[in-house]
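Note sheet for the following structure.
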Amino acid sequence: MKNSVQKGEVRVVSFKKGKLWYAVALEFNIVETGSNFSEVMHGLQEAIEGYVEAVKKANIRPFPLNQTPLKEYENVWSVGQNKKAIRNTPSPFYFGTLNLAAYA
């Protein structure tokens with residue numbers, strides 16, 4: 001497991017599908033939805049902070065910080081990384097990583 005409450009990183013993608021915006025923390029399987037990009041990214045930041053804090057307080061193994069992402073969201077990440085379209089997968093508006101040390 002590469003992520004712990006002290007270090008690691010989580011991959012993040014944001015995309016629009018239909019009228020809704022999505023922001024996803026892949027290794028945490030956290031998904032925020034909303035009406036605009038800023039709203040979902042802000043919500044995701046808050047959710048990540050709370051998630052890391054909850055894992056830290058529970059003093060459990062870091063499995064919740066190292067989940068296998070849903071294939072749908074892994075495909076969105078792949079489109080952003082490889083610039084190759086995957087059938088029926090939206091192109092990400094944003095993709096990158098967040099350092100978990102910022103939430104420790």
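Points to keep in mind about this one:
- Across segment 9-103, Cα pairs under 8 Å and at least six residues apart give a relative contact order of 37 percent.
- Local electrostatic count, Thr33, Cβ distance below 12 Å [Lys/Arg +1, Asp/Glu -1]: +1
- Approximating the spin labels as points 7 Å out from Cα along Cα→Cβ, the Lys16-to-Phe63 distance works out to 3.9 nm.
- Cα convex hull of the chain, projected area averaged across orientations, nm²: 6.2 nm²
- The number of Lys pairs in the chain with C-alpha atoms less than 19 Å apart, excluding pairs fewer than 8 positions apart on the same chain, is 11.
Each value in this text was obtained by applying a stated rule to the coordinates, not by laboratory testing. No experiment lies behind these values; they were computed from the predicted model shown. Using ideal geometry, Cβ is built from the backbone for each residue, glycine included, and neighbour counts are taken over all protein chains shown.
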